[in-house]
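The values are calculated or read from the model by the stated rules, or taken from the named source; none is laboratory data. None of the values given here were measured: they were computed from a predicted structure. Counting neighbours? That spans all protein chains shown, and the Cβs are built from the backbone with ideal geometry, glycine included.
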Amino acid sequence: MKFLMKLILSIAIICSFFSGAFAQTTVSWNSFAQVKFHRQYSETFGFEINIKPPEFSKELLALNGTEIKVKGYVIPVDIELGMYMVSANPFANCFFCGNAGPETVVELLPTGKFPRFGTDQVVTFKGILQINQDGKMNAVPYQLFRAEVVK
């Protein structure tokens with residue numbers, strides 16, 4: 001009887017470890033907003049640009065390189081090339097239309113091809129979060145590598 005109890009307890013501990021090790025964290029758009037940008041108006045460009053890398057919250061930085069889930073509106077960037085972003089806002093209010101900040105979009109980088117999405121289709125994705133800590137001008141703050149649709 002003691003052997004059976006130890007066996008059941010051991011299996012329970014192992015199962016709880018593995019279920020936690022492979023679980024994805026669902027990241028809310030409020031969490032993605034925990035970033036501070038340092039901007040200044042540029043006479044050359046005619047708009048504000050980042051003058052130094054953004055400062056991300058400790059909670060966000062802890063998720064860098066981990067598998068996460070994010071749910072939002074699909075924004076087609078280039079349908080022919082299969083380039084999409086997921087946004088906190090519908091297309092008419094997204095970052096690219098000037099009504100929101102760059103922290104409201106995540107670039108999706110799939111391993112294969114995505115199915116064709118409709119504009120403003122709400123979809124949940126999972127993948128490896130990469131935070132643009134260097135503040136590269138040609139990239140949004142968040143990218144999701146190995147992105148795939150959660151069914």
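Below is a table of values for the structure above.
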| read-out | value |
| --- | --- |
| Looking only at the stretch 85-100, and only at residues there that are in contact with a Ser or Thr (Cβ under 9 Å, 6 or more places away or on another chain) and of a type in the set (G, A, S), the one that is modelled with the lowest pLDDT | A100 |
| Cβ-Cβ under 8 Å pairs, at least 6 apart or on other chains, the stretch 76-89 side touching a residue at least 40 places away in the same chain (Cβ under 8 Å), far side outside any strand (DSSP E or B) and among the aromatic types (F, W, Y) | P76/F117; A88/W29; A88/F32 |
| Filter result for M85 (within 14 Å of the chain's Cα centre (by Cα) and over 15 Å from V35 (Cβ atoms)) | yes |
| Qualifying residue in the stretch 39-47 (condition: more than 13 Å from the chain's Cα centre (by Cα), touching a residue at least 24 places away in the same chain (Cβ under 8 Å) and closer than 19 Å to G135 by Cβ) | no |
| Condition broken by G112, with the remaining ones in (1) farther than 22 Å from L63 by Cβ; (2) within 17 Å of the chain's Cα centre (by Cα); (3) not aromatic (F, W, Y) satisfied | (2) |
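For every residue, the table says whether it meets (1) surrounded by 14 or more Cβ atoms within 10 Å (Cβ to Cβ); (2) modelled with pLDDT under 90.
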| site | (1), (2) |
| --- | --- |
| Q24 | yes, yes |
| K36 | no, no |
| S42 | no, yes |
| T66 | no, no |
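For (1) surrounded by fewer than 17 Cβ atoms within 10 Å (Cβ to Cβ); (2) at pLDDT 95 or above, each residue gets a yes or a no:
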site	(1), (2)
M83	yes, no
P102	no, no
K113	yes, no
L129	no, yes
N132	no, no
